[in-house]
Each structure stands twice: as structure tokens, then as C-alpha cells.
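Heads up, the thing below is written out as C-alpha cells.
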Amino acid sequence: MSRKPFIAGNWKMNMTAESGTQLIKELIPLVKDANCDVCLCVPAILIPAMTKASAGTNIHIGAENVHWANSGAYTGEISADMLKEYGVKYVIIGHSERRQYFGETDETVNKRTLTALNAGLTPIVCVGELLEERESGKTNEVLDRQLKDGLNGIDDVTKIVIAYEPVWAIGTGRTATDEQAQKTIAYIRKKIGELFCPKCAEKIVIQYGGSMNAGNCKGLMAQPDIDGGLIGGASLKLDFAKIVNFDK
Ligand code: PEP
């Protein structure tokens, strides 16, 4: 079964309406013939301006988080309906920075994921182990828990994207080797087969994230189980286009 590659950027808390619009303007001609799906997940306040900047192109705009309630007394949060109003298609859920700094747990990841799916958004659910967990041989145990609890109750798991992001590789310049990333993503795929169904495992798109850049993307994307990338730092510059065009 062939899965369409998917390259997504994560701007985190970077860019302004002006610099973001400029970057998107320059990216448009460079990514227009991409053979993969392309998305930039941007800070919530930039969504209207970036949607405008990318209108009519193959660049989708995504969000970096979504709340599980439809509306209510949740100061500072954004609902799925608010995102949809601006044409948002994808939303990152459970990024390690949310888990580390903002108290995100597998339970809240699960609630956000179910709400996003109900609203017709495509969640990009992030999973991955800390350095000490990898070094103590606990990677698979951590992934088992994140997948079982974070994806609990999903009807059609192929409607989500999983981003495997080893925490030790995010923003550190230390990428997982092609073999490490392939081996762990193959494990995640096998686990999806066990938790859901073997066909789901074949169909679900799984990205690698963690210091992916123009230099290492080809090797990572050549791995049989790696279907794409979630790109932080390199999505803030024109290098993002080189990653999108990994196959050229
Ligand atoms: C990320 O933020 O999801 C990420 C992978 O960051 P970086 O590419 O900078 O490591």
C-alpha cells in the first residue's frame, strides 16, 4: 500500500505576520510541484494572515494545539471550530514541548485528538522518548503507553498522522540515524497494527521529527516506514523547500 509523503513545518513561537507572509511568498514557487502533502503549523495568531498568504497554493496551514472543549471558560485556549473557520486542516497535538512545559499528558492528548477528529481536523499526534528513557532501554515501553493512552477510543486511526519525535533530537542538531528512526517507526507501525488493525498499520502516515534538515532528509525519507517529517528549525527558512523536494 502506498502512503503519500507528508512534510509539515512547526514554527513553534516564531515569526510575525510580516516575516511569515514573506517566507510563504518565497516558498510558494519552490514547493508548488511537490509530490508530497505540505503544511506549515503556525502560532494561532498568525493563522489568518498565513491562510491568506498561502491561499490557492499547495501549502496547507496548520495549528500547534487545540482545546478539547467546543467553547467555554478556558482562558487562552483555541477551539477546533475557531481553527476550522480559517480553513485549518492539520493540528499538532502532544508536542514534547507541550508535554514538558505545559503539563500535557497522554490523557489530555487523547481528549484533544478525539475532539480534533470529531471536528474533521487531522491531528498530528507527537510521541517520543526522552534521552534517559532511550539509554535505559525504555523506548518501546514509553511509546506503548503514549500510543495506547493517547489514541484510546479512536474509530479510524488512519485519520491521524503520527509524528515520532525522539525528544533528544528536537532542536538539538542531534538527529536519530536513519536506522534508529526506521527501527522505531516500524515498531510504532506494528503497535498500531496490534492496537487497531493490520490494515490501519499499513495505511497510517508516520513522520519522523527531530533536527531533520535539507542535508539528512533524503536518507530518512528513503526508509520504508518513514512517510514524512515534522520540521521545526528548518521550517523557518527556505531550506523547508529542499525538504519538501526530498525526492528531486
Ligand atoms: C519539532 O519542533 O517538532 C522539531 C522536530 O524541531 P527541530 O526540527 O528543530 O528539531
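Laboratory data are not the source of any read-out in this text; all were calculated from the coordinates shown. Being a predicted model, the structure only gives us computed values, none of them experimental. As a convention, Cβ positions derive from the backbone with ideal geometry for all residues, glycine included, and neighbour counts pool all protein chains shown.
Some points to look at:
- FRET efficiency for the pair F102 and Q223, taken as 1/(1 + (r/R0)^6) with r the Cβ-Cβ distance and R0 = 25 Å, rounds to 0.20.
- In this structure, the residue pairs whose Cα-Cα separation is over 28 Å, taken from K4/K89; K12/K89; K52/K183; K159/K218; K4/K191; K32/K148, are K52/K183; K32/K148.
- Phi angles of the range 36-46 translate, via the Karplus equation with coefficients 6.51, -1.76, 1.60 and θ = phi - 60°, into HN-Hα couplings of 10, 6, 10, 8, 10, 8, 10, x, 3, 5, 8 Hz per residue; Gly and Pro are given as x.
- Calculated FRET value between K183 and T57, using beta carbons and R₀ = 41 Å, to 0.05: 0.70
- Rounded to the nearest 500, the 222 nm mean residue ellipticity of the chain from helices alone is -11500 deg cm²/dmol, with -39,500 (n - 2.57) taken per DSSP H run of at least 4 residues.
- The range 120-218: C-alpha gyration tensor shape, a/c 1.5 cut-off, then a/b vs b/c: prolate
- Residue-span extension gain [N14 to L30] - 0.36 nm each, minus C-alpha spacing: 3.6 nm
- Alpha-carbon centroid distance for the pair the range 135-172 / the range 60-106, whole angstrom: 18 Å
- Mean Kyte hydropathy of -1.0 or more with a Cα span along the axis of at least 15 Å, helices from DSSP in the chain: 17-31, 106-118, 178-195
- The alpha carbons of the range 6-244 give a radius of gyration and a Dmax of 16.7, 48 Å, in that order.
- Of the chymotrypsin sites (Phe, Trp or Tyr not before Pro) found in the range 148-248, no site is in coil according to DSSP while having at most 12 other Cβ atoms within 10 Å of its Cβ.
- Bridgeable aspartates and glutamates around K190 (alpha carbons under 12 Å apart, same-chain partners fewer than 8 residues away excluded): D144, E202, D225.
- Relative contact order, whole percent, for the range 6-244 stands at 21, derived from Cα pairs under 8 Å and 6 or more residues apart.
- Start at zero, step by 5 Å, and the Cα-Cα distances of the range 85-141 spread as 4, 18, 23, 20, 16, 10, 5, 3, 1 percent across the bins.
- Counted charge near R99, where neighbours are those whose Cβ lies closer than 11 Å (Asp, Glu -1; Lys, Arg +1): -3
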